[in-house]
Amino acid sequence: MGNIGITTFPTDYSIDIAVLASKAEETGFDSLWVAEHPVLPVDSETPWPGPGGVIPKKYADVA
């Protein structure tokens, strides 16, 4: 394939990273990039700026 890679931002619902890496190598990809997760506080004095003031599940799941 030549300098083509895969990037992923894994969550609890993602494919197992070892399975993804194996398939990527098997199909000829050159690299696998895994995003670093952010750190979210357990409690916060400042509410989330969006609707409801609570961090959306889609963001909390990747932390």
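To the nearest 10 degrees, how steeply does helix 17-26 sit against the main Cα axis of the chain, on a 0 to 90 scale?
Approximately 30 degrees, to the nearest 10.
Taking only DSSP H segments of four or more residues, each worth -39500 (n - 2.57), what value at 222 nm results for the chain once the sum is divided by all its residues, to the nearest 500 deg cm²/dmol?
Computed mean residue ellipticity for the chain: -5500 deg cm²/dmol.
Just subtract the alpha-carbon distance of Thr8 and Lys57 from 0.36 nm times their residue separation and send over the number in nm, one decimal.
Length gained, Thr8 through Lys57: 15.8 nm.
Which of Thr46, Thr8 has the fewest other C-beta atoms within 10 Å, and how do the rest follow up to the most?
By the 10 Å Cβ count, ascending, the order reads Thr46, Thr8.
Which entry in (i) 152; (ii) 105; (iii) 121 matches volume of the Cα convex hull per residue in Å³ derived from the coordinates of this structure?
Evaluating volume of the Cα convex hull per residue in Å³ on these atoms matches (ii).
Since every read-out is calculated from the coordinates, none of them should be taken as a lab result. Quick caveat, the model's predicted, so the values are computed rather than measured. Cβ atoms come from the backbone with ideal geometry, glycine included; neighbour counts cover every protein chain shown.
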